[in-house]
Amino acid sequence: MGGVPRWSVIIPAYNEAARLPRYLKDVLAYFEARDESYEVIVVDDGSEDGTADRVREVAAGRPGVIVHALDRNRGKGHAVRAGMARAVGELRLMADADGATPIAEVARLEAAVTAGADLAVGSRVLEDPAVVREVRVHRKLSGHVFNFLLRRLGAAPVLDTQCGFKLFRGAAAAALFPQLTTDGFGFDVELLMLAKRGGFRVAEVAVNWADQPGSKVRVLREGPRMLYEVLAARRRLAGRPPGGRGA
């Protein structure tokens, strides 16, 4: 694909040999049907189950699919940052490897960006009669608690920070991701705090979402760690002057 692609899709993956191939096929079919230039960057975060090999099998003959393999498991935040550092698309989507959000939902986020947002955040919280969510009870409750705590801290400009489906204008991604320091699951919150401080326009958009078996997020273990990451990021940002919107 010559020139700058319109789309970059960044998919962080850790031990996703079983779930990612199906979703990757959906992603490729979707963008090929749109007949727009694209690249897909799969960041293999030190997987031990042959994830990178499975991606290469699915993507055979498609030069727009890039496998960026990390030497060891560094965390989802690090993986997304590494993928965004390689991305060059005018629009840059981060999407979870499990396919919980169907790739066609990107059209909802694209509409928000077209309307003026610098980044559009998929939401499993916003009410919309046109979308359907399938969420296990314990994950729904833990999500409500986490986001309630974030609102009390004034830490994020949206109701649902953790949906792994977010679309950025290229210039916004280029300005925000080099500032990101959180390597773990709490990176979404730091990213949104950076966007708020930098004056970027953030839109929250309801999306269809279905809980997938095999989640890497263990609520009791990761919840406290994520809160620690958020508090650490908040302290770091408190000592920094607000960043600008960039180019």
Verdict on Ser47 being touching a residue at least 40 places away in the same chain (Cβ under 8 Å) and polar (S, T, N, Q): no
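Here is a check on your reading of the model: is Ala156 farther than 19 Å from Val43 by Cβ, among the hydrophobic types (A, V, I, L, M, F, W, C), modelled with pLDDT under 95 and surrounded by 21 or more Cβ atoms within 10 Å (Cβ to Cβ)?
Numbers: farther than 19 Å from Val43 by Cβ: yes; among the hydrophobic types (A, V, I, L, M, F, W, C): yes; modelled with pLDDT under 95: yes; surrounded by 21 or more Cβ atoms within 10 Å (Cβ to Cβ): yes.
Against the criterion (farther than 19 Å from Val43 by Cβ, among the hydrophobic types (A, V, I, L, M, F, W, C), modelled with pLDDT under 95 and surrounded by 21 or more Cβ atoms within 10 Å (Cβ to Cβ)), Ala156 qualifies.
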Glu105, sole failed condition from (1) closer than 25 Å to Gly186 by Cβ; (2) modelled with pLDDT of 95 or more; (3) touching a strand residue (DSSP E or B) at 6+ places or on another chain (Cβ under 6 Å): (3)
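Would you mind finding the one in Gly46, Gly3 that is assigned to a loop (DSSP other than H, G, I, E, B), small (Gly, Ala, Ser) and closer than 24 Å to Leu191 by Cβ?
On the way: Gly3 fails: closer than 24 Å to Leu191 by Cβ.
Of the residues listed, the single one that is assigned to a loop (DSSP other than H, G, I, E, B), small (Gly, Ala, Ser) and closer than 24 Å to Leu191 by Cβ is Gly46.
Considering each of Gly199, Gly244 in turn, give the residue that is modelled with pLDDT of 80 or more, over 16 Å from the mean Cα position of the chain (by Cα), under 25 Å from Ala87 (Cβ atoms) and surrounded by fewer than 14 Cβ atoms within 10 Å (Cβ to Cβ).
Values: Gly244 fails: modelled with pLDDT of 80 or more.
From the options Gly199, Gly244, the qualifying one is Gly199.
Is at least one residue of the stretch 88-111 closer than 16 Å to Val158 by Cα and β-branched (Val, Ile, Thr)?
no
Collect the residues in the stretch 202-214 that are of a type in the set (Asp, Glu) and either buried (at least 17 other Cβ atoms within 10 Å of the Cβ) or at pLDDT 95 or above (or both), keeping them in residue-number order. If you could, list the steps in order and put the result at the bottom.
Narrowing the stretch 202-214 to residues of a type in the set (Asp, Glu): 204, 211.
Within the stretch 202-214, just Glu204 meets the criteria.
The values are calculated or read from the model by the stated rules, or taken from the named source; none is laboratory data. Please read all numbers here as calculations on a predicted model, not as lab measurements. No Cβ is skipped: glycine too gets one built from the backbone with ideal geometry, and neighbour counts run over all protein chains shown.
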